[in-house]
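Some notes on the structure that comes next.
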Amino acid sequence: MISTVQAFNRCKHPRTVATVITHEPEEDRGRRRGLRYWRHLGSGERTMEMPDYGQAAPLLHSGYPMNPAMPPGPPYPVAMNPAVAPGYYPSVNTHAPQMAPYPQFSGVPGYEGLDGTDNGGKYLPPPPAFGAEPGHLPVPTSKDWLIPSINNETAKHALLDYANSKCCYGSSPAEEMEITQLRPYNTYRYRLETFTESRSCEWVTKPLTEGVLDSPEKGPAPQPWEIHVKTPSLFHDETQKVPVPHTTSKKSCQECNGKGKIICQKCNGNSRERCEHCSGSGKRLEEECEHCDGTGNIGCKTCNQTNVQTCPGCSGKGQVMTYIEMTVTWKNNVFEFIPDHHSEFPTDLFKKVTGEKMYSDEQLLVPPIINFPEPSINQTSQTAVQQHYSQFMSSSRILMQRQTIELLPLTKVEYSWKGKNCNYFVYGRENKVETKDYPSTCCCVIL
């Protein structure tokens, strides 16, 4: 039996004719069955043999999305019968967020705007500010600021430790040098730490678990800042997620339409996947690939050739629970300032060392410093305190502030060794050394 379909392609071949010829089994043809596909392109003609699969599979269920086409790549073998693809199950984007369960939940007092479509209303402002502002707090009392310095012995010992830490530095200069001058360039490090707590909410959807749901029927949801959460150690970053009471409900999974399964995302419902050993070519080193028998594909391991996989959104249960989840974030916001030390020493190296603590004030809202002998510290303190207050009071709750001043020892040591004048810096409480012209930088013998 021969049937002909005339198709017009508007883009390339408007007169292409596709003819499908089916050879029914006949006694004189050796009980051979097969399909032959004829395609006429102009005056040319090509044919391709296709094996027979016997009786065709039943039609797919109506009303459900068909299985998607195989992804681009090497041609897949005809052994993959597309008629068995599970069109009954949906093919979805499993990374797409699920929406809020019921529209009326977007109007819960304190959680306005949580409709699941964007971040509107996600960040929750804290209660009105309480307590006095920094400008109304008492200023610190006057005190004597002691500025220490190092001596020759400390400077020499620091350079000796530095030389011993280098594999190719000789210790002779550190042991035999003569210090000619110590130039102090001591500076300070001002630090303001503001420990804050912020709260944000969003809808989350997870697979349904056993047990009684904390639904809205148990009472109204508490206000975001009424939910008690234990505060961690001060001035340490931490995050904690807490479900908002009385907002949990269950619903049908949107990823699988409540069926518990979706079309396999690996093989797109075709039960076959590309062979990784031969990259789909069917050959390895000019020989037939033994893993796929030269077909270029193997049975899908994700779905075990069943064409479907368990829905990750509901773990195969078909139902999910959704609720408002509050994220509590504690953050230590740090402002640092180091005045100009008027030397060629790289300021960034101070990040590796500690200083001598000269001043520390810790309270809910610290006042600015106004009587420190370094004027830039006083000015920076006033700016930083006001900046943190304005920045964080409107978006989070300030739990504690801490203001410190450290002396950062910095001394330039000038010395001579064997008639050569050199110098180095000793910095930090750890007495670290920074030098660019150490006179004995190689004690290795190259053979």
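The values are calculated or read from the model by the stated rules, or taken from the named source; none is laboratory data. Note that the structure is predicted; figures quoted are calculated from it, not measured. Cβ sites come from the backbone with ideal geometry, for glycine too, and all protein chains shown count toward neighbours. The area values use the complete protein model at the heavy-atom level, side chains included, leaving out ligands, DNA and RNA. Shrake-Rupley method; radii C 1.70, N 1.55, O 1.52, S 1.80 Å.
When the residues of the stretch 168-209 are filtered to those that are among the acidic types (Asp, Glu) and over 30 Å from residue 391 (Cα atoms), the one that is modelled with the highest pLDDT is 178. The numbered conditions (1) open to solvent by less than 60 Å² (accessible area, probe 1.4 Å); (2) at pLDDT 95 or above; (3) among the charged types (D, E, K, R) are all true for residue 402 except (1).
Collect the residues in the stretch 330-351 that are open to solvent by 60 Å² or more (accessible area, probe 1.4 Å) and either in a strand (DSSP E or B) or more than 15 Å from residue 434 (Cβ to Cβ) (or both), keeping them in residue-number order. If the condition is that a residue be open to solvent by 60 Å² or more (accessible area, probe 1.4 Å) and either in a strand (DSSP E or B) or more than 15 Å from residue 434 (Cβ to Cβ) (or both), then 331, 334, 336, 340, 342 are the ones that fit. Applying the criterion of being among the aromatic types (Phe, Trp, Tyr) and out of contact with any His (no Cβ under 8 Å at 6 or more places or on another chain) to the residues of the stretch 161-213, the residue that is nearest to residue 253 (Cα to Cα) is 203. When the stretch 164-189 is filtered for residues that are assigned to a helix (DSSP H, G or I) and either open to solvent by 80 Å² or more (accessible area, probe 1.4 Å) or in contact with an Asp or Glu (Cβ under 9 Å, 6 or more places away or on another chain) (or both), the ones remaining, listed by number, are 164, 174, 175, 176. Would you say residue 377 is farther than 30 Å from residue 173 by Cα, touching a residue at least 60 places away in the same chain (Cβ under 8 Å), touching a Phe, Trp or Tyr at 6+ places or on another chain (Cβ under 7 Å) and part of a helix (DSSP H, G or I)? Spelling it out, residue 377 is indeed farther than 30 Å from residue 173 by Cα, touching a residue at least 60 places away in the same chain (Cβ under 8 Å), touching a Phe, Trp or Tyr at 6+ places or on another chain (Cβ under 7 Å) and part of a helix (DSSP H, G or I).
Restricting 436, 357, 412 to those that are within 28 Å of residue 342 (Cα to Cα) and assigned to a loop (DSSP other than H, G, I, E, B) reduces the list to 436.
Within the stretch 334-355, residues that are of a type in the set (D, E, K, R) sit with their Cβ atoms under 6 Å from residues that are surrounded by 14 or more Cβ atoms within 10 Å (Cβ to Cβ), at 6+ positions apart or across chains, in these pairs: 336/191. Within the stretch 221-249, the set of residues being touching a residue at least 12 places away in the same chain (Cβ under 8 Å), of a type outside the set (S, T, N, Q) and out of contact with any Pro (no Cβ under 8 Å at 6 or more places or on another chain) comprises 224, 229, 232, 234, 235, 236, 237, 241, 242, 243. Restricting attention to the stretch 355-373, the residues that are open to solvent by 50 Å² or more (accessible area, probe 1.4 Å) and either within 23 Å of residue 432 (Cβ to Cβ) or modelled with pLDDT of 90 or more (or both) total 6.
When 234, 192, 213, 208 are checked against the criterion of being in contact with a Phe, Trp or Tyr (Cβ under 8 Å, 6 or more places away or on another chain), more than 30 Å from residue 421 (Cα to Cα) and open to solvent by 20 Å² or more (accessible area, probe 1.4 Å), a single residue qualifies: 234. Note on the stretch 136-163: among residues that are open to solvent by less than 70 Å² (accessible area, probe 1.4 Å) and among the small types (Gly, Ala, Ser), the one that is modelled with the lowest pLDDT is 163.
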